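Peer 1: Before I ask anything, let me first share the structure, which is written out below as structure tokens.
FYI, it's all coordinate maths here, none of it is from the lab. Everything numeric in this text was worked out from a predicted model, so none of it was measured. Using ideal geometry, Cβ is built from the backbone for each residue, glycine included, and neighbour counts are taken over all protein chains shown.
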Amino acid sequence: MPKQNWVAVALATATFSFGAQADDLSNLRDLQIDLLERFDLMQQEVQMLRGMVEEQAQVIDALKQDGRNRYLDLDGRINALQSSPADAAASDPDAVTPSTAQSDAVPVSTVALGDPAMEGDEYQAAFALIRERKFDEARDALLLFAQRYPNGKLKADAQFWLAQVYDAQGKAELAMSAFTRLLTEHPDYRRAQQARLKLGGLQLANGFDEDGKITLGQLIEQAPDSSEASQARDLLSN
């Protein structure tokens with residue numbers, strides 16, 4: 001082969017190889033970006049699943065305690081009836097006597113406040129709607145739960161998940177308001193740092209930069225070695 005032809009072939013081959021490498025690098029970058037996006041999404045899902053697992057454990061403990069309380073209450077009523085049926089009936093306003101049996105048979109209207117023994121069940125029902133991603137129904141159920149159990153032991157948990165539901169619905173202002181209320185009313189809540197991280201991130205994303213810096217700064221100061229603090233530093237550095 002003439003030297004000129006050989007050189008032309010070599011140059012063509014090198015040009016083709018360089019172009020192929022450039023395409024490969026571009027595809028590799030696209031793949032890396034796609035993998036990073038998937039990884040971020042998986043991290044968010046893992047955090048939510050971890051929260052759900054913790055929530056289930058909390059509810060199970062609450063239900064166990066409710067069961068024990070019911071048993072003790074029932075045992076006390078039985079002992080009281082066995083010792084003095086007449087006195088027990090007189091001291092129990094809910095006891096049905098022959099003179100009141102007829103009036104008690106008429107259904108009474110539902111009161112606004114819920115039965116403390118049913119708090120765990122109603123909370124569990126509302127939380128199940130979140131797992132099913134029925135966010136509108138979950139929001140309504142959590143708002144109703146807050147009205148029925150204003151002093152309930154699961155009040156802070158309900159407020160936390162209400163804020164999460166608002167965030168999932170894209171209602172940033174309502175989510176920020178709900179997280180702020182949670183941190184104000186329950187500063188020692190076990191998920192306070194998670195709530196503060198979400199609040200700070202929402203504030204930064206929605207133009208409340210100074211508020212976001214203050215919120216995330218408080219998180220870093222209060223729990224400097226936590227994973228939430230590490231994420232807060234990342235948000236502030238971007």
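Peer 1: I want to check the label-to-label distance for Arg233 and Glu137. Put each point 7 Å from Cα in the C-beta direction and report it in nm to one decimal.
Peer 2: My value for the distance between the label points is 4.4 nm.
Peer 1: From the cross-link list Lys155/Lys213; Lys153/Lys198; Lys134/Lys213, which pairs have alpha carbons spaced over 25 Å apart? Walk me through the numbers before you get to the answer.
Peer 2: Working: Lys155/Lys213 28 Å; Lys153/Lys198 23 Å; Lys134/Lys213 33 Å.
Long pairs (Cα-Cα over 25 Å): Lys155/Lys213; Lys134/Lys213.
Peer 1: Continuing with the same structure: Hey, what's the Cα Rg ratio for segment 125-190 versus the globular rule of thumb, 2.2 N^0.38 Å?
Peer 2: Rounded to two decimals, the normalised Rg is 1.03.
Peer 1: Could you tell me, in Å, what Rg and Dmax come out for the Cα atoms of segment 184-238?
Peer 2: 10.3, 30
Peer 1: Right, here's the next one. Over segment 179-238, what is the relative contact order in percent, taking alpha-carbon pairs closer than 8 angstrom and at least six residues apart? Walk me through the numbers before you get to the answer.
Peer 2: Values: 59 pairs, mean separation 16.7, N = 60.
Computed value for segment 179-238: 28 percent relative contact order.
Peer 1: Report the full-extension gain for the segment Leu113 to Met42: residue separation times 0.36 nm, less the Cα-Cα distance, to one decimal in nm.
Peer 2: 21.6 nm
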